[in-house]
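Input: a single structure, listed below in structure tokens.
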Amino acid sequence: MKILVCISKTPDTTAKIAFTGNNTKFDTAGVQWIINPYDEWYALVRAIELKEADPSTIIHLITVGAADADPIIRKALALGGDEAIRVNADSHDSFYIASQIAEVAKQGGYDLVFTGKETIDYNGSSVGGMVAELLDRPYVSLASKFELSGNKATITREIEGGEEICEVELPVVVSCQKGMAEQRIPNMKGIMGARTKPLKAAEPVAVDALTTVAGFELPPAKAGVKLVSPDNVEELVRLLHEEAKAI
Amino acid sequence: MSVLIFIDTTEGHVKKASLEALTYGATVAEQLGTSAEGVVLGAANDLASLGKYGVKKIHHVSAGSLNHLDAQVYANVIGQVAIASGAKVIIFSNNVDGKAIAPRLSARLKAGLVSGAVALPDTANGFTVKKNVFSGKAFANITVNTDIKIIALNPNAYKVIAGEGTAEVVAFNATVDAPKVKVTNVTKASGQVPLTEAEVVVSAGRGMKGPENWAIVEDLARVLHAATACSRPVADAHWRPHNEHVGQTGFAIAPNLYIAIGISGAIQHLAGVNRSKVIVVINKDPEAPFFKAADYGIVGDAFEVVPKFTEAIKKLKGVA
Ligand SMILES: Cc1cc2nc3c(=O)[nH]c(=O)nc-3n(C[C@H](O)[C@H](O)[C@H](O)COP(=O)(O)OP(=O)(O)OC[C@H]3O[C@@H](n4cnc5c(N)ncnc54)[C@H](O)[C@@H]3O)c2cc1C
Ligand SMILES: Nc1ncnc2c1ncn2[C@@H]1O[C@H](COP(=O)(O)O)[C@@H](O)[C@H]1O
């Protein structure tokens, strides 16, 4: 079996969010970059577990990004995976990114494509669905469990206020979230091994972006907290009712 | 030309998030000088009454195989309706189903998608939509460059307005492929408000000390008709079910009112709740970072404050 895991590079969850160039660019000064948590903890680790269960499984990682994504994809390789592909393009249009992934997926004949639930910077939750459509494959989104038996996947996915279990034959595209696997820390052997794993750079196929980022805005600053004495809870209720109109 | 709104149902009932999408879509149609139409897949009741949210016509594809979501089949069918009705803007809620279908439809129609929209499009100069980015810490304005545009509206970002009117419901004759995704089991907490749709959320953290102390949290939630939520360590310790975990790695919510009890307010927690309109924090530590993100706060012991709070709300609401 061949699995393709989509890995994106995102700012660390605690990064300060600021913009430059008249609010057109994310200010990367001092930002630590990480593997998007959903891609790392859930998509990649679940793929690694599937390989542990069936060692003949091949895992490839893909990222669409400039050369500065190399350290991130190496970090992912240190957790597991056989080789990585970086499509050399810098874009924030989900369709452009999905088109690059779909192209590589077509060439590689993967049975399974895993993505994260969403990137924590652009929050699209879109790339997986687009890849599935471009490959004309079923798509199961927001999966929290994934079991494989032969060619049949049994997947638990989120629904409003609950979850449902569904069955689908491979090949399939799945977006992964909490529940799929437990976070792992790369060990020394993995880190050393990752240095010699192949990391191929590929040139992008020509596609038009469907959207462009016109600019960014920060939310208006909060007015500051209004503190109420613990001995006067009625006052809090009054404020919430009369001033905030929230109850 | 029209604005087409995907109307999401569960067991035949229209989801609240879709009422928001309908109201939003009707306003977009007005803005563009065109009419709003809806599309419903699978069994559904009482569709004509949705006219009160501003939609004139509803295309209904009632094939039984559409009662469960297969995004591939859904995107195909909605695409057929969109083309037949000449839709130029297609609206989804950015809820669970919207996240599965809208991207597929975008790739299918080569129509630019803005997911997580929080405001009406700016059509003065092109077509630009504001959306949440960086887990609620900023907004991006996204320009859609294609002829057909798709918007997935964040739940709770747009207020439902009900007026008058009935919609014309027409059966749409679509080609419906057999689903490849087969749903074998559905589990749903009944009688509870789904967390992502709730107007009010009462949430608690490690400050509650243990699962046996949650009764006061649940009492407060009950008087407010609120959903309950929790911080990650609370879910990890199995004090509360995982489907209550909010934050970076859990659910992202945007209720009108979020009440945080005994939660420190770590940045990863805030990432899931900072889009709430009003935040109330109850914490015994005046230095808890959550107070910086709060609108109202009480520095005090949750075990004393919360029961009093519940009583005071009961008094306001006139319940004994
Ligand atoms: C990558 C990453 C992702 C994460 N994702 C999430 C996430 O999605 N969601 C999430 O919640 N966390 C997440 N975390 C964890 C997060 O950093 C915090 O550790 C967590 O939110 C703390 O939970 P807490 O506030 O319940 O507990 P604590 O930090 O232990 O805070 C407990 C609070 O209760 C107060 N308290 C104690 N006793 C009382 C009392 N009697 N009355 C009133 N107040 C009292 C204390 O003053 C304190 O502020 C993530 C962390 C990482 C690194
Ligand atoms: N540039 C990228 N390269 C590879 N995979 C990506 C990229 N961007 C997004 N993805 C994958 O698609 C998922 C959803 O991303 P998004 O639609 O941007 O929220 C992510 O969790 C990744 O698995």
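The values are calculated or read from the model by the stated rules, or taken from the named source; none is laboratory data. Small disclaimer: the values here were computed from a predicted structure and weren't measured. Neighbour counts are summed over all protein chains in view; Cβ atoms, including those assigned to glycine, are modelled from backbone coordinates with ideal geometry. Just so you know, the surface numbers come from the protein's heavy atoms only, side chains and all, with ligands and any DNA or RNA stripped out. Shrake-Rupley method; radii C 1.70, N 1.55, O 1.52, S 1.80 Å.
Things worth noting here:
- Looking only at residues of segment B:219-241 that are closer than 20 Å to B:THR187 by Cα and away from ligand 1 (no atom under 11 Å from the Cβ), we find that the one that is nearest to the other protein chains (Cβ to nearest Cβ) is B:ALA227.
- Residue list for segment B:35-55, restricted to those being under 15 Å from B:VAL170 (Cβ atoms) and in contact with an Asp or Glu (Cβ under 7 Å, 6 or more places away or on another chain): B:VAL55
- Count - residues of segment B:45-79 that are away from chain A (no Cβ under 14 Å), among the aliphatic types (A, V, I, L, M) and either closer than 24 Å to A:TYR139 by Cα or part of a helix (DSSP H, G or I) (or both): 6
- The listed residues are A:GLY81, A:GLY124, and the only one of them that is in contact (Cβ under 8 Å) with a residue 24 or more places away in the chain, open to solvent by less than 30 Å² (accessible area, probe 1.4 Å) and away from ligand 2 (no atom under 12 Å from the Cβ) turns out to be A:GLY81.
- In segment B:144-189, the residues that are under 30 Å from A:ALA18 (Cβ atoms) and crowded, with 19+ Cβ neighbours inside 10 Å: B:VAL144, B:LYS149, B:ILE150, B:ILE151, B:ALA152, B:LEU153, B:ASN154, B:PRO155, B:ASN156, B:ALA157, B:TYR158
- Here B:PHE291 meets the list (1) more than 7 Å from chain A (Cβ to nearest Cβ); (2) under 29 Å from the mean Cα position of the chain (by Cα); (3) assigned to a helix (DSSP H, G or I) almost entirely, failing just condition (1).
- Residue match in segment B:187-199 (condition: modelled with pLDDT of 95 or more and either of a type in the set (Gly, Ala, Ser) or more than 9 Å from ligand 1 (Cβ to nearest atom) (or both)): no
- Against the conditions (1) open to solvent by 20 Å² or more (accessible area, probe 1.4 Å); (2) in contact with a Pro (Cβ under 9 Å, 6 or more places away or on another chain), A:MET130 satisfies every one except (1).
- Taken together, the criteria exclude B:SER115 from residues that are in contact (Cβ under 8 Å) with a residue 40 or more places away in the chain, facing chain A (nearest Cβ under 7 Å), buried (at least 24 other Cβ atoms within 10 Å of the Cβ) and among the small types (Gly, Ala, Ser).
- Residue check, B:PHE127 at positive phi, without any contact (Cβ under 8 Å) to a residue 60 or more places away in the chain, aromatic (Phe, Trp, Tyr) and assigned by TED's automatic domain parsing to the domain that holds B:GLU30: no
- Criterion violated by A:ALA202 - all others in (1) more than 7 Å from chain B (Cβ to nearest Cβ); (2) closer than 30 Å to B:HIS242 by Cβ; (3) hydrophobic (A, V, I, L, M, F, W, C); (4) open to solvent by less than 50 Å² (accessible area, probe 1.4 Å) satisfied: (2)
- Inside segment A:1-57, residues that are away from ligand 2 (no atom under 11 Å from the Cβ), open to solvent by less than 10 Å² (accessible area, probe 1.4 Å) and at the interface with another protein chain (Cβ under 10 Å from one of its Cβ atoms) make up a count of 1.
- Yes/no for A:GLU158 being more than 13 Å from ligand 2 (Cβ to nearest atom), of a type outside the set (A, V, I, L, M, F, W, C) and within 23 Å of B:THR187 (Cα to Cα): yes
- Cross-chain or 6+ apart pairs with Cβ under 7 Å, segment A:165-179 first and polar (S, T, N, Q), then part of a strand (DSSP E or B) and at pLDDT 95 or above: A:SER175/A:THR115; A:SER175/A:GLY116; A:SER175/A:SER141; A:SER175/A:LEU142; A:SER175/A:ALA143; A:GLN177/A:LEU142; A:GLN177/A:ALA143; A:GLN177/A:SER144
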